[in-house]
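First up is the structure itself, then whatever we jot down about it.
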Amino acid sequence: MKYLTTTKMTTIYFSIFLLLFSKVTFGQQKGSPKSKPNVIVFIADDVSVKDLGSYDNSFVQTPNIDFLARNGVQFNNAILTTSSCSPSRISIMTGRYPHNTGAAELHTEPKKNFKSIASELNDKGYYTGSAGKWHMGELIKGGFEKIHEDADENGDGGEDMWIPSLRERDKNKPFFFWFASYDAHRVWGENRFSDTHAIDEIEVPTTLVDNDSTRIDLVNYYDEIKRFDFHIGEVIEELKRQEIFENTVIIVMADNGRPFPRDKTRMYDSGMKTPLIVHWPKGIENAEESNSLVSSVDIAPTILDICNVNPPESFQGKSFKIVFTNPEIKFRNYAFAEHNWHDHEAHERMIRTKEYIYILNFRPDLPNQGPADALNSASFRSLLKEKNEGNLTDVQSDIFLAPRPTEELFYVKNDPVQTQNLISNSNYTDIKVNLKKVLLEWMEETCDNVPEKLTPDWYTRDTGKKLKDNFGIRGELPGEEPNAENCNAKGAF
């Protein structure tokens, strides 16, 4: 029998020590699956900023989202690039303005395979998945390893595959999930949270008629938001069970405003301002509210920054990660948004600062009632009835106004619902001139344009019924010029 020398035994023990040390130490280094942050984006369908508890809505029940807000950063001035489902989602995912994706209108798809949050993270070793509403076309799917988009599989609210997605992922990789609810999109259906909210307790927006029909419409909407919130809570518990909650970045937001008249598709805050909450125990030490102005085009570069991945040149936004530690830093001077076809012909552009909204309407001859689903609502029928009887207030009459002002200017601090157009007020002339100048510069720098022949109405503007002669016809999309697909200009910040 041979015996090992002391020198050899020392060498063996030292080698074992190095092996164990490397597993413990280097296995936790930056770049390992356990140290890289995970990311989940929860995106609601048609929810305005004022319809969550943490945003001072005392009627809606959103305890899980409120918990994330209390322990993270809540953004009070997050502006979408459009208040229209598919163009907004594509814009968020690609970090590009809608007219720069080739998918500026509802139900259109990008014209080329732009880099996205998912494609860039997947290239860096992230597991990437989506569950719930998709509505972003085929090309963007290339960045995802697994997509659950079947409505039967996802359930009525679109959330049934969130937990299975977390459990079935490749656990040797950090992950990025896009969890997209169908809530609170019309039409309403029964759900386990039906009748959660009492119709006599809610506050009806001044833009709507306060009657039982409108109140029932609103509580059904709130009940779907409650379901969205419930499933977020279920995911939080699953993250804790898997012991990954602390290092998971959770983002809660919406794609556009509530599906009611004067909200969804409109350029006002009820359409364009999104709730935006970022929760990350390992990366956000102090819970804060931030009034810094940010754009949804900034979300993609921010997520990549969190994950230590350089953004591609195609992204037109910039990371607001710095706001996590300095919530009141002046991040943006301007945010920009657009209203293109969504059931009806439209072309509006908007520039927003923390204090002002300026809107330029290239189709002022047309009324601006909202999308077809809102026109088929009890709330709209109540407005139409009161209009015919001559009982509407000025703000309620806004959706029927035609022709509309070519320009609108609002001082949001004193006018949170945007009812007082200051465009003819000489005290604000300099502000109007400057904002219009910056907006037109942004349009030029980002290759925006106003096509002569836009997509026509597919639905009537008084009933939301399908116009058979127009249905399916497409005009020219904004940005359809030779260099539009490759335009990476970021415009003014």
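If I ask for residues that are touching a residue at least 60 places away in the same chain (Cβ under 8 Å), basic (Lys, Arg) and either crowded, with 24+ Cβ neighbours inside 10 Å or outside any loop (DSSP other than H, G, I, E, B) (or both), which ones from region 319-340 would you list? Residues satisfying the conditions do not exist here. Checked against (1) modelled with pLDDT under 95; (2) charged (D, E, K, R); (3) within 18 Å of the chain's Cα centre (by Cα), LYS330 meets all criteria but (3).
Restricting attention to region 420-431, does a residue exist that is of a type outside the set (A, V, I, L, M, F, W, C), under 27 Å from PRO371 (Cα atoms) and in a loop (DSSP other than H, G, I, E, B)? Even if it seems obvious, please write down each step before you answer.
Going residue by residue through region 420-431, those that are of a type outside the set (A, V, I, L, M, F, W, C) are 420-421, 424-430.
Then keep just the ones that are under 27 Å from PRO371 (Cα atoms); that gives 420-421.
In the following step, the residues that additionally are in a loop (DSSP other than H, G, I, E, B) were identified as 420-421.
Yes; the residues of region 420-431 include at least one that is of a type outside the set (A, V, I, L, M, F, W, C), under 27 Å from PRO371 (Cα atoms) and in a loop (DSSP other than H, G, I, E, B).
In region 432-454, the qualifying residues are those that are touching a Leu at 6+ places or on another chain (Cβ under 8 Å) and not hydrophobic (A, V, I, L, M, F, W, C), and the one that is surrounded by the most Cβ atoms within 10 Å (Cβ to Cβ) is LYS432.
When you check THR196 against the structure, is it at pLDDT 95 or above and of a type in the set (Ser, Thr, Tyr), yes or no?
No, not satisfied.
Each row is one residue, and each column tells you yes or no for (1) buried (at least 24 other Cβ atoms within 10 Å of the Cβ); (2) at pLDDT below 95; (3) under 28 Å from PRO371 (Cα atoms); (4) not polar (S, T, N, Q).
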residue: THR108; (1), (2), (3), (4): no, no, yes, no
residue: LYS112; (1), (2), (3), (4): no, yes, yes, yes
residue: GLY125; (1), (2), (3), (4): no, no, no, yes
residue: LYS141; (1), (2), (3), (4): no, no, yes, yes
residue: GLU149; (1), (2), (3), (4): no, no, yes, yes
residue: GLU153; (1), (2), (3), (4): no, no, yes, yes
residue: ASP170; (1), (2), (3), (4): no, no, no, yes
residue: PHE179; (1), (2), (3), (4): yes, no, yes, yes
residue: GLY189; (1), (2), (3), (4): no, yes, yes, yes
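Could you please let me know if PHE315 is over 30 Å from LEU454 (Cα atoms), surrounded by 18 or more Cβ atoms within 10 Å (Cβ to Cβ) and among the aromatic types (Phe, Trp, Tyr)? So that I can check it myself, show each step before the final result.
Working: over 30 Å from LEU454 (Cα atoms): no; surrounded by 18 or more Cβ atoms within 10 Å (Cβ to Cβ): yes; among the aromatic types (Phe, Trp, Tyr): yes.
No.
Exactly one residue out of SER83, SER88 is within 30 Å of PHE471 (Cα to Cα), part of a loop (DSSP other than H, G, I, E, B), among the polar types (S, T, N, Q) and modelled with pLDDT of 95 or more, and it is SER83. Looking only at region 122-135, decide whether some residue is assigned to a loop (DSSP other than H, G, I, E, B), over 28 Å from ARG266 (Cα atoms) and of a type in the set (S, T, N, Q). No, region 122-135 has no match at all.
Only residues that are of a type in the set (Val, Ile, Thr) and under 17 Å from ILE329 (Cβ atoms) were counted across region 62-78, and they come to 1. Considering region 455-493, and only residues there that are exposed (fewer than 14 other Cβ atoms within 10 Å of the Cβ) and among the β-branched types (Val, Ile, Thr), the residue that is modelled with the lowest pLDDT turns out to be THR463.
Residue selection: THR274 satisfies the criterion of being buried (at least 24 other Cβ atoms within 10 Å of the Cβ), among the hydroxyl-bearing types (Ser, Thr, Tyr) and touching a residue at least 40 places away in the same chain (Cβ under 8 Å).
Of all residues in region 126-172, exactly one satisfies the criterion of being under 20 Å from the mean Cα position of the chain (by Cα) and without any contact (Cβ under 8 Å) to a residue 12 or more places away in the chain, namely LYS141.
In the list LEU304, LEU293, which residue meets the criterion of being out of contact with any helix residue (DSSP H, G or I) (no Cβ under 9 Å at 6 or more places or on another chain), of a type in the set (A, V, I, L, M, F, W, C) and touching a residue at least 24 places away in the same chain (Cβ under 8 Å)?
Working: LEU304 fails: out of contact with any helix residue (DSSP H, G or I) (no Cβ under 9 Å at 6 or more places or on another chain).
None of the other options fit; the residue is LEU293.
Scanning for something part of a loop (DSSP other than H, G, I, E, B) and among the hydrophobic types (A, V, I, L, M, F, W, C), does region 146-155 turn up at least one residue? No.
Each residue in region 156-178 was checked for being within 19 Å of ALA254 (Cβ to Cβ) and part of a loop (DSSP other than H, G, I, E, B), and 4 pass. Filtered by the rule that a residue be touching a residue at least 60 places away in the same chain (Cβ under 8 Å) and of a type outside the set (Lys, Arg), region 355-365 gives TYR356, ILE357, TYR358, ILE359, LEU360, PHE362.
Of all residues in region 44-68, those satisfying the criterion of being crowded, with 24+ Cβ neighbours inside 10 Å and not in a loop (DSSP other than H, G, I, E, B) are ALA44, VAL49, ASP51, ILE65, LEU68.
The values are calculated or read from the model by the stated rules, or taken from the named source; none is laboratory data. Bear in mind that the values here come from a model prediction, so they are computed numbers and not experimental data. When we count neighbours, we look across all protein chains shown, and the Cβ atoms used for this are built from the backbone with ideal geometry, even at glycine.
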